[in-house]
1. Look through ARG100, ARG164 and report the one residue that is over 28 Å from ILE28 (Cβ atoms) and touching a residue at least 24 places away in the same chain (Cβ under 8 Å).
2. Test each condition in (1) without any contact (Cβ under 8 Å) to a residue 60 or more places away in the chain; (2) closer than 17 Å to ALA358 by Cβ; (3) touching a Ser or Thr at 6+ places or on another chain (Cβ under 8 Å) for THR73 and report the one that comes out false.
3. Within the stretch 227-243, work out how many residues are small (Gly, Ala, Ser) and over 28 Å from MET1 (Cα atoms).
4. Out of all the residues in the stretch 311-342, which are crowded, with 18+ Cβ neighbours inside 10 Å and closer than 30 Å to ALA184 by Cα?
5. Would a scan of the stretch 344-362 turn up a residue that is over 30 Å from SER211 (Cα atoms) and among the aliphatic types (A, V, I, L, M)?
6. What number of residues within the stretch 58-70 are under 19 Å from SER248 (Cα atoms) and either surrounded by fewer than 22 Cβ atoms within 10 Å (Cβ to Cβ) or not assigned by TED's automatic domain parsing to the domain that holds TYR26 (or both)?
7. In this structure, does THR238 turn out to be closer than 18 Å to VAL69 by Cα, of a type in the set (S, T, N, Q) and in contact (Cβ under 8 Å) with a residue 24 or more places away in the chain?
8. Condition first: touching a Pro at 6+ places or on another chain (Cβ under 6 Å) and of a type in the set (Ser, Thr, Tyr). Now tell me which residues in the stretch 271-313 satisfy that.
Amino acid sequence: MPHDLARAALQGLLHKTSLPKDAVDYIIYGTVIQEVKTSNVAREASLGAGFSDKIPSHTVTMACISSNVAMTTGVGLIAAGQCDTIVAGGVEFMSDVPIRHSRKMRKTMLALNRAKTLGQRLSLISSIRMAHLTPELPAVAEFSTAETMGHSADRLAAAFGVTRLEQDEFALRSHTLAKQAQDAGLLSDVISFKVPGRDMVAKDNGIRPSSMEQLAKLKPAFIKPHGTVTAANSSFLTDGASAVLIMSEEKALAMGYKPKAYLRDFVYVSQDPKDQLLLGPAYGTPKVLARAGLTMDDIDVFEFHEAFAGQIMANLKALDSDWFAQTYMGRKAKVGAPAMEKFNLWGGSLSLGHPFGATGCRLVTTVAHRLQKEGGQYGLVAACAAGGQGHAMVIEAYPQ
């Protein structure tokens, strides 16, 4: 269950940091598809991991940026003087999502639970029809538009003139870089997890470098037959959990910790959930740079969430467009696209997978590790999310 993965992430964080459990003031977790038995998964995971029952825990949700919200909520609690030490994270369990009975079946089952006589129960059972047994399956679709996210990605790619070739090239780049990073031991923050009835999972297992020839053989996944988004140039759904330790600098130093990075600034954005569903990075990046007093040239490390290769390329084209900046953002000029030699160099969601609620923390920790490894000062995280929302955050390396 989801809380099992979240518990493992929390225990991994405790083991890695040697953090005393009673030093934590608050625990926050992000998730998207909630397991009804553990609606506050943060609380169940924290208790399972051995944290004190005196530590408050709550769960947040904001689609693909849920763990980003968990982290910035923790930042807010620290800034408000409420807490010194926060554990934030996220979890998603895509291999066993809750599937509901139809509304008519649910209504009948609830009535059965209230029935007092055998006759009432038999009458309700006899009213069940085959149509009542049809389940309600979850879908990665917008409630407001009833459009799947992949369909939106296909239209967005077409609107920005992103070709199938560009998308496949970017997807191959993501898998190739992820494989290189994994082989070099750079993706070392993965906690080994024993899946019941299966083998031990000790590393990201969705990394599959292929070839342009193989990618070209795949058919469109959403808009058929002329779409450009395929299974290979889309992020894949997976299980996963993440956890990060956030402290005030004073508290961290007092406890003998050497911080990795500062969470310097952040913004959330929102726009049209139909035509601009996946443009969160394009809207968030200029805003967070302005708040931090930085330019694109000041950023040493970029980590953008790769929902779809077409979505990434569309955002990069939007960032590099004066017309888009002037028409949609009220800016005089573009901020420019990130330099690709700084962009997602250890792979991304296309190759590592996208457990909705957990991805934000992975993006942030990857930036912190890359800044340490590459000697940079500033990193920028950006991500889109369902509902036409988005997030961007500036990370600053801690002085060595």
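The values are calculated or read from the model by the stated rules, or taken from the named source; none is laboratory data. Quick caveat, the model's predicted, so the values are computed rather than measured. FYI the Cβ positions are ideal-geometry reconstructions off the backbone, even for glycines, and counts take in every protein chain you see.
1. Values: ARG100 fails: over 28 Å from ILE28 (Cβ atoms).
The unique qualifying residue is ARG164.
2. It is condition (3) that THR73 fails.
3. Adding up the residues that qualify gives 1.
4. Scanning the stretch 311-342 gives GLN311, ILE312, MET313, ASN315, LEU316, ALA337, PRO338, LYS342.
5. The answer is no, given that none of the residues of the stretch 344-362 is over 30 Å from SER211 (Cα atoms) and among the aliphatic types (A, V, I, L, M).
6. Number satisfying all stated conditions: 0.
7. Details: closer than 18 Å to VAL69 by Cα: no; of a type in the set (S, T, N, Q): yes; in contact (Cβ under 8 Å) with a residue 24 or more places away in the chain: yes.
Criteria not met by THR238.
8. Those that are touching a Pro at 6+ places or on another chain (Cβ under 6 Å) and of a type in the set (Ser, Thr, Tyr): none in the stretch 271-313.
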